[in-house]
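For reference, the structure is listed below as structure tokens.
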Amino acid sequence: MAIIAEEFEFVVGVDTHARTHTFTAVHASTGAVVDTAVFPATSAGMDRAITWIRRRTGGETVFAAVEGTSSYGARLTQVLLAAHIEVGEVRPPTRSSRALTGKSDPIDAEAAARSVLGRPRDQVMEPRAAGTRAAIRILLASRSLLDHQRTANRNALTALLRGTDLGIDARASLRDAQITAIAAWRTSNSTDPLIRIARAEAKRLALAVKDLTGRLTENHKALAQLTEELAPGLQSVPGVGPVTAAIIICAYSHHGRIRSEAAFAALGGVAPRPASSGNTTRHRLNRSGDRQLNRAFDVIVRTRMSFDTPTKDYVTRSRAKGKSNREIRRNLKRYVCRSIFRQLQTIMT
């Protein structure tokens, strides 16, 4: 299988930031640095960068190794693809690799280019697709923020009701009916400033919780609609809902981004790591990879363990063999990853 150094004449490494992007062009066959330049992270700056690449590479085949294709380098990735320059996603250098070389933007850009030279093209991860998939990522980020805000307001309301007697039993978690009743309170006419202010603040927090709950419901419906458009039938898989389906679609993105089911398992942090020693042969959980994708698999597995009959039967058999709950979940997550990847290969366009 041909490596990138054999398929392309030049590789351009890009270290992306909020204000500027640093480009380093490397000759693929010799590894020599052709040139390094810095351009503003603006539309005009990116157009200048494309012109610079064309001039430095003489119109030969170019591969761009870009850091942060879903964050600082998202717009640049689209510009490069529109200019018919193939793009691969690379990770920033580790601390250990920087021990002897130090760190600067040109050093990181050169490291990005060199990191892909000896790798086959299908082993360099493609950037996530834009369009509807990008909209799903925005909804997921918004949902996380809304959920944190609602939790904070709910906790603040509970603490207020437990510290001040306003006629609400807050010994347990507040029910939705209680929050609705607090949100409907009228302005207090109490002469006690503590009661008056506490009731006003409680009403404000309750209204905020109700508003955020409504926005989360709308977000949930939007995720369900978009994920069904991209992956019809995925939400019918046992344990898969709109949120977990959206996380999986964002990680998978499109055909070709992830080369195999094993690579998908590694991305999701569900590929078991060997942890054997001496006469003990065992594996441990993988704590690397996309933790949101790992969380989605964990939610699916825990849901299935509670209601899915085949999964419950497997859990019973595994416990009889002496396996721990952690080992059982690890095996089930690997199985779920495999089955969902195969389904995505079939249903996604």
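Exactly one residue out of Ala2, Ala64, Ala28 is crowded, with 16+ Cβ neighbours inside 10 Å, more than 18 Å from Asp108 (Cβ to Cβ), among the small types (Gly, Ala, Ser) and in contact (Cβ under 8 Å) with a residue 40 or more places away in the chain, and it is Ala28. Among Arg273, Arg196, Arg204, which is open to solvent by 40 Å² or more (accessible area, probe 1.4 Å) and either of a type in the set (Phe, Trp, Tyr) or touching a Lys or Arg at 6+ places or on another chain (Cβ under 9 Å) (or both)? Answer to the check: Arg273.
Inclusion of Leu161 among residues that are over 27 Å from Arg295 (Cβ atoms), in a helix (DSSP H, G or I) and either more than 35 Å from the chain's Cα centre (by Cα) or at pLDDT below 95 (or both) is warranted.
Of the helices (runs of 4 or more DSSP H) that lie entirely inside segment 288-349, those containing 2 or more residues that are of a type outside the set (Lys, Arg) and under 19 Å from Val243 (Cβ atoms) span 291-307, 325-347.
Could you tell me how many of the residues in segment 48-69 are under 19 Å from Ser115 (Cα atoms) and either acidic (Asp, Glu) or in contact with a Cys (Cβ under 9 Å, 6 or more places away or on another chain) (or both)? Adding up the residues that qualify gives 1. Quick check: is even one residue across segment 91-106 more than 19 Å from Ala130 (Cβ to Cβ), open to solvent by 10 Å² or more (accessible area, probe 1.4 Å), modelled with pLDDT of 90 or more and not polar (S, T, N, Q)? Yes - at least one qualifying residue is present in segment 91-106. When segment 115-134 is limited to residues that are assigned to a helix (DSSP H, G or I) and surrounded by 17 or more Cβ atoms within 10 Å (Cβ to Cβ), the one that is modelled with the lowest pLDDT turns out to be Arg121. Of the set (1) out of contact with any Phe, Trp or Tyr (no Cβ under 9 Å at 6 or more places or on another chain); (2) closer than 29 Å to Ala25 by Cα; (3) hydrophobic (A, V, I, L, M, F, W, C); (4) in contact (Cβ under 8 Å) with a residue 40 or more places away in the chain, all apply to Leu139 but (2). Does at least one position in segment 72-86 carry a residue that is of a type outside the set (Lys, Arg), surrounded by 12 or more Cβ atoms within 10 Å (Cβ to Cβ) and part of a strand (DSSP E or B)? The answer is yes, given that some residue of segment 72-86 is of a type outside the set (Lys, Arg), surrounded by 12 or more Cβ atoms within 10 Å (Cβ to Cβ) and part of a strand (DSSP E or B). Out of all the residues in segment 287-298, is one or more in contact with a Pro (Cβ under 8 Å, 6 or more places away or on another chain) and either open to solvent by less than 90 Å² (accessible area, probe 1.4 Å) or closer than 30 Å to Arg91 by Cβ (or both)? No, every residue in segment 287-298 fails to be in contact with a Pro (Cβ under 8 Å, 6 or more places away or on another chain) and either open to solvent by less than 90 Å² (accessible area, probe 1.4 Å) or closer than 30 Å to Arg91 by Cβ (or both).
To keep it simple, each residue is scored yes or no on (1) at pLDDT below 95; (2) over 25 Å from Val243 (Cβ atoms); (3) assigned to a helix (DSSP H, G or I).
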position: Thr187; (1), (2), (3): yes, yes, no
position: Ala198; (1), (2), (3): yes, yes, yes
position: Arg204; (1), (2), (3): no, yes, yes
position: Lys210; (1), (2), (3): no, no, yes
position: Thr217; (1), (2), (3): no, no, yes
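Checked against (1) modelled with pLDDT of 85 or more; (2) more than 18 Å from the chain's Cα centre (by Cα); (3) under 21 Å from Phe341 (Cβ atoms); (4) open to solvent by 70 Å² or more (accessible area, probe 1.4 Å), Pro238 passes all but a single condition, namely (4). Considering segment 22-51, and only residues there that are in a strand (DSSP E or B) and of a type in the set (S, T, N, Q), the residue that is farthest from the chain's Cα centre (by Cα) turns out to be Thr36.
Every test in (1) closer than 20 Å to Arg128 by Cα; (2) within 25 Å of the chain's Cα centre (by Cα) is passed by Val12 save one, and that test is (2).
The values are calculated or read from the model by the stated rules, or taken from the named source; none is laboratory data. None of the values given here were measured: they were computed from a predicted structure. Counting neighbours? That spans all protein chains shown, and the Cβs are built from the backbone with ideal geometry, glycine included. Note: accessible area is taken over every heavy atom of the protein model, side chains too, but ligands, DNA and RNA are not part of it. Shrake-Rupley method; radii C 1.70, N 1.55, O 1.52, S 1.80 Å.
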